[in-house]
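The values are calculated or read from the model by the stated rules, or taken from the named source; none is laboratory data. Everything quoted here is computed from the prediction, not taken from an experiment. Glycine gets a Cβ as well: all are built from the backbone with ideal geometry, and neighbour counts include every protein chain shown. These area figures cover heavy atoms from the full protein model, side chains too; ligands, DNA and RNA do not enter into them. Shrake-Rupley method; radii C 1.70, N 1.55, O 1.52, S 1.80 Å.
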Amino acid sequence: MKGLIDRYNRKISYLRVSVTDRCNLRCIYCMPSEGIKPLRHEDILRFEEVKEIVRYGIDWGIDKVRITGGEPLVRKGVVYLVEMLANLKGVSDLSMTTNGILLKDYARDLKNAGLQRINISLDSRDANKFNRITRAERLSLVLDGIEEALKRGLEPVKINVVVMKGINDDEVLDFARMSLDRPLHIRFIEYMPFCNRKGAESNAKAQKSSFEFVSASTVKEGLKELGELIPAQVRGVGPAKSFKFEKSLGTTGFITPMSEHFCATCNRLRLTADGRLYPCLFSDYGVDIKRSLRSGAGSKEIRELFEKALKNKPEKHSIKGNNQVMSKIGG
Ligand code: SAM
Ligand code: SF4
């Protein structure tokens, strides 16, 4: 069956599946403090529907699937979904991005169900700052979750750190040190002015600061005292550029959507919890797969919808004017 190739000759092999728009945190760069209006239960894709869409994707060349959200671990039965997807022939890489709050309880079952690896978001190792960024006092749960992920072999375990000026940029050395004697893969992500701008601006006001991104090159500069950064490979590396320090067990990587976008090699499509297929994280446009699926569409019609999404995949992203909410489209 013909693969999925967009107008710029990029081959699509990676589907990111958001399984819920709900979350048990309210990160200041992602959500307003009051949260967002939740999707109606009946508008959320059922697991069988997710499986069917992924199965079509596999027929057309998708072999890498990431489960995300919102917070995927708040979706009831998510372990069952992992098992369903892990059992599909053709998925060679099955991963999840989580805030780690519930991970201590879930890591073993996720691993047994067939999840291969995990990314855990953690923006501060200081309890006060963690509370400020996530609006919740739960740092210890995330740290426990990281330990459990290592213990259960959900490897490589990657830690996503969104670096914000004046908020957590003084912690980059501490984060990088985590990779020295543990097999942890720290990934510094440039903050994107993403969540519908109004939300981000009012969040910033409430925090009495503006969120400013810190470029990867600035972070790199700050890491010099740990030694030379040696280029390294990590499984499922995606757009991150990874490095290690001499003798470090883990790696340190940089994801640079702002200072050096990686659109030329983008191989992704995104499926939202309400069944829309988006060609880009920054697209305002998504095709409604759920509606077609629920009205009995078959392979031909679903393929047409995939093609429509591909047609709308931009050559490169434009953050300006983007009105999306990250927790909805799936980070
Ligand atoms: N709730 C899960 C979590 O936090 O890992 C999964 C969804 S979250 C939207 C996915 C990733 O997007 C997280 O690593 C988060 O830090 C990142 N993210 C959210 N908003 C962002 C922003 N404005 N700029 C950069 N990264 C962002
Ligand atoms: Fe929730 Fe993840 Fe958004 Fe934070 S980044 S509010 S954990 S969805």
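Residue by residue, here is whether (1) in contact (Cβ under 8 Å) with a residue 24 or more places away in the chain; (2) closer than 23 Å to Thr256 by Cα; (3) within 16 Å of ligand 2 (Cβ to nearest atom); (4) assigned to a strand (DSSP E or B) holds:
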site	(1), (2), (3), (4)
Val163	yes, yes, yes, yes
Ile167	yes, yes, yes, no
Val172	yes, yes, no, no
Phe175	yes, yes, no, no
* Pairs where the first residue, in the range 54-72, is β-branched (Val, Ile, Thr) and the second is assigned to a loop (DSSP other than H, G, I, E, B) and away from ligand 2 (no atom under 16 Å from the Cβ), C-beta under 6 Å, 6+ apart -> Ile58/Gly90; Ile62/Ser13; Val65/Val91
* Among the residues of the range 101-136, which ones are part of a loop (DSSP other than H, G, I, E, B) and farther than 14 Å from Gly153 by Cα? -> Ile101, Leu102, Leu122, Asp123, Ser124, Arg125, Asp126, Arg135, Ala136
* Evaluate the range 31-43: report whether one residue or more is modelled with pLDDT under 95 and open to solvent by less than 20 Å² (accessible area, probe 1.4 Å). => yes
* Structure fact -> In the range 83-112, anything open to solvent by 10 Å² or more (accessible area, probe 1.4 Å), of a type outside the set (Lys, Arg) and away from ligand 2 (no atom under 16 Å from the Cβ) is listed as Glu83, Met84, Ala86, Asn87, Leu88, Gly90, Val91, Ser92, Asp93, Asp105, Asp109, Asn112
* Name the pairs whose Cβ atoms lie under 9 Å apart, with the first residue in the range 115-137 and under 16 Å from Thr68 (Cβ atoms) and of a type in the set (Ser, Thr, Tyr), the second more than 14 Å from ligand 1 (Cβ to nearest atom) and at pLDDT 95 or above, and 6 or more positions between them or separate chains? -> none
* Test: Lys51 is touching a strand residue (DSSP E or B) at 6+ places or on another chain (Cβ under 6 Å) and surrounded by fewer than 18 Cβ atoms within 10 Å (Cβ to Cβ) -> no
* For the range 216-246, name all the residues that are surrounded by fewer than 16 Cβ atoms within 10 Å (Cβ to Cβ) and either closer than 27 Å to Asn267 by Cα or hydrophobic (A, V, I, L, M, F, W, C) (or both). => Ser217, Ile230, Pro231, Gln233, Arg235
* To do: For residues that are within 27 Å of Asp6 (Cα to Cα) and in a helix (DSSP H, G or I), tally how many sit in the range 49-86.
  => 13
* Can you name the condition, by its number, that Ile62 falls short on among (1) surrounded by fewer than 24 Cβ atoms within 10 Å (Cβ to Cβ); (2) more than 17 Å from His185 (Cα to Cα)? -> (1)
